[in-house]
Amino acid sequence: MNHCMNRWNDRPEGRCGCGCGNTDNGSLCVGTSGNRDTGAPLVTDLAGAAERNGNYRKAIWTGDNLQVTLMSLNPCEDIGLEMHADTDQLLYVVSGEGTVQMGRCQNQLCLCRASAGTGIFVPAGTWHNLTNTGTTPLKLFSVYAPPEHPRGIVEETKPCAVRRRCGCRS
């Protein structure tokens, strides 16, 4: 099992290839210094990767029809009310607590609580938001079908993500 698919730390000496210094054999690198989102087969501890991720959003795997991102929301931070017209989405809360808003109409949203182990299924065309209501970062991973973000995107903070979407350069 030493050569299992495409582990992110598959260098012979057991260190991550991005230069972050990760030596945890078999774990996924979530450092900001690199990203190996190649679409190649990948076997990883997804919940552990989400726990270690400190970025607002980081795409860790993008295929032709599916994408997985890690997210970390600071206390009181939210994803922002959004709707993906042609993309189904699954958000899975690994740790922390929050509130989900969701509905077909932007002005008529239901509210639900979310905590570790909560799966949030969002069909295409559904308005949704997730807000961290706890005192620690809310850690999650998100699955998009088809992919929603550029391959390998790393957005360290929510303002970085907002600037990318609006086309700002500052």
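The values are calculated or read from the model by the stated rules, or taken from the named source; none is laboratory data. Remember, predicted model here, so these are calculated numbers, not experimental data. Heads up, the Cβs are rebuilt from the backbone with ideal geometry, glycines too, and the neighbour counts pull from every protein chain shown.
A few comments on the model shown:
- Residues in the range 40-54 that are touching a residue at least 40 places away in the same chain (Cβ under 8 Å) and assigned to a helix (DSSP H, G or I): 5 in all.
- Within the range 73-88, being in a loop (DSSP other than H, G, I, E, B), among the charged types (D, E, K, R) and crowded, with 16+ Cβ neighbours inside 10 Å holds for one residue alone: Glu77.
- Among the criteria (1) in contact with a Gly (Cβ under 7 Å, 6 or more places away or on another chain); (2) more than 23 Å from Asp37 (Cβ to Cβ), the one Gly63 does not fulfil is (2).
- Subset of the range 103-151 (residues that are surrounded by 14 or more Cβ atoms within 10 Å (Cβ to Cβ), farther than 16 Å from Leu73 by Cα and of a type in the set (D, E, K, R)): Glu148, Arg151
- Residues that are in contact with a Pro (Cβ under 8 Å, 6 or more places away or on another chain), at pLDDT 95 or above and more than 22 Å from Asp45 (Cβ to Cβ) do occur in the range 135-158, at least one of them.
- Among the residues of the range 59-73, just one is touching a helix residue (DSSP H, G or I) at 6+ places or on another chain (Cβ under 9 Å) and over 21 Å from Val100 (Cβ atoms), namely Ile60.
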